[in-house]
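Only one structure is covered here, and it is reproduced in the block below.
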Amino acid sequence: METPGKIFLVATPIGNLGDMTARAVEVLNNVDLIAAEDTRNTIRLLNHFEIRKPLTSYHEYNKTEKAYELTAQAAAGKNIAVVTDAGMPAISDPGEVLVRIAWESGIEVTIVPGACACVSALAISGLPTRRFAFEAFLPMEKKERAEILEELKQETRTMIIYEAPHRLLKTLKELSELFGPGRGVSIVRELTKLHEEVFRTTLGEAVSRYEAPGGADLIRGEYVLVIAGRSREEIRGEEAAKWESMTVADHVAMYESQGMDRKEAMKAAAKDRGVSKRDIYQALL
């Protein structure tokens, strides 16, 4: 019986060929087949490192059918490397489907880590890095885009969004209108390349910069937007304003209508308002 091969997810540079790891070169030199998102891009990378291995295309439009084909080849004993155009395969990439099908088929998947635009932009952004939400490219379909943006409106974690240059200003305007012009953002451009730039600003100032005369000429290359999440102070302020518009009696009655007894309702209202239960009791007298 044939010993199954493995599938190797191999990260490639996101702009600077010097970021290619020695292990990535070694793995690509030793596998039987390399599956690439765009073989025209990958052949240039392979030629640079003098890697001579068979190439096959694996992309968005054949991701499921080809995943089964690649998995079958791995089951027959072939070792297969998967690369994307830049960065880590399977992250905002059709390789995600191949990984799932490979595991379901009992084929081992292993990782050759390296460059990743998402994490690199976050690290250099100057915004909080402990908790973050990665959205990749926002959907183009209007309804789905609106739904996701509405979800992000409540996000307290730092958010990371990829954007193409021709859509940058439109997206910044949307975000500024939804999150408010004062929300912090780091606009990261051309990571690891000659013209790498990190522009730390607010959403409103970013829109003004690119709408100003000559501003469109500043938009070049691929972008990662790293956006500050909602602050807890902002959330508490909104909640306080909400309760201030309601009388104490109505506030307690709201909780009673949800099935709480009066004591529990008074305690919940006190917590909402940041006051003691005694204050609620006095207001009800």
Just subtract the alpha-carbon distance of Leu17 and Val275 from 0.36 nm times their residue separation and send over the number in nm, one decimal. 86.9 nm
Out of the trypsin sites (Lys or Arg not before Pro) in the range 85-169, which ones are loop residues according to DSSP with at most 13 other C-beta atoms within 10 Å? Arg130, Arg131, Lys153
Given H placed 1.01 Å from N in the peptide plane, which residues other than close sequence neighbours of Thr156 have an amide H under 5 Å from its amide H? Arg230
Given the pairs Lys6/Lys193; Lys143/Lys193; Lys66/Lys193; Lys143/Lys173; Lys142/Lys170, which span a C-alpha to C-alpha distance of over 24 angstrom in this model? Lys6/Lys193; Lys143/Lys193; Lys66/Lys193
Taking θ = phi - 60°, what integer Hz values does the Karplus form 6.51 cos²θ - 1.76 cosθ + 1.60 yield along the range 225-232, in sequence order, with x for Gly and Pro? 9, 10, 10, 5, x, 5, 7, 5
With N residues in the range 118-230, what two-decimal value do you get for its Cα radius of gyration over 2.2 N^0.38 Å? 0.98
Just to verify a number: FRET efficiency for His166 and Glu108, C-beta to C-beta distance, R0 = 35 Å, to 0.05? 0.30
Let's see if you can work this out: charge +1 on each Lys and Arg Cβ, -1 on each Asp and Glu Cβ, no other charges. What is the dipole magnitude of the chain about its Cα centre, in debye to the nearest 20? 600
Expected vector for the range 98-107, Karplus 3J(HN,Hα) from phi with 6.51, -1.76, 1.60 and θ = phi - 60°, integer Hz, x for Gly and Pro, equals 4, 4, 4, 5, 5, 5, 5, 8, x, 8
For the range 118-230, with only Lys/Arg (+1) and Asp/Glu (-1) charged at the beta-carbon, what is the dipole magnitude about the Cα centre, in debye rounded to 20? 240
What are the lysines whose alpha-carbon lies under 25 Å from the alpha-carbon of Lys263, with same-chain residues fewer than 8 places away excluded? Lys242, Lys271, Lys277
Karplus (6.51, -1.76, 1.60) ³J(HN,Hα), θ = phi - 60°, over the range 72-79, in Hz, Gly and Pro reported as x: 5, 5, 5, 5, 7, x, 7, 8
Nearest-ten-degree value, helix 39-48 long axis tilted from longest Cα axis of the chain: 70
Label model pair Glu144, Thr156: point-to-point distance (7 angstrom along the Cα→beta-carbon line) in nm is 3.0
Summed over the other residues with a beta carbon less than 11 angstrom from that of Ile43, with K and R at +1 and D and E at -1, the charge totals +3
Two-site FRET efficiency, Lys53 against Glu197, from Cβ-Cβ distance with R₀ of 30 Å, rounded to 0.05: 0.25
Which of the three applies to the range 6-115, rounded, prolate or oblate, going by the alpha-carbon gyration tensor with a ≥ b ≥ c and a/c under 1.5 meaning rounded? prolate
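Every number in this text was worked out from the coordinates using simple rules, so none of it is lab data. Remember, predicted model here, so these are calculated numbers, not experimental data. Backbone-built Cβ (ideal geometry, glycine too); neighbour counts: all protein chains shown.
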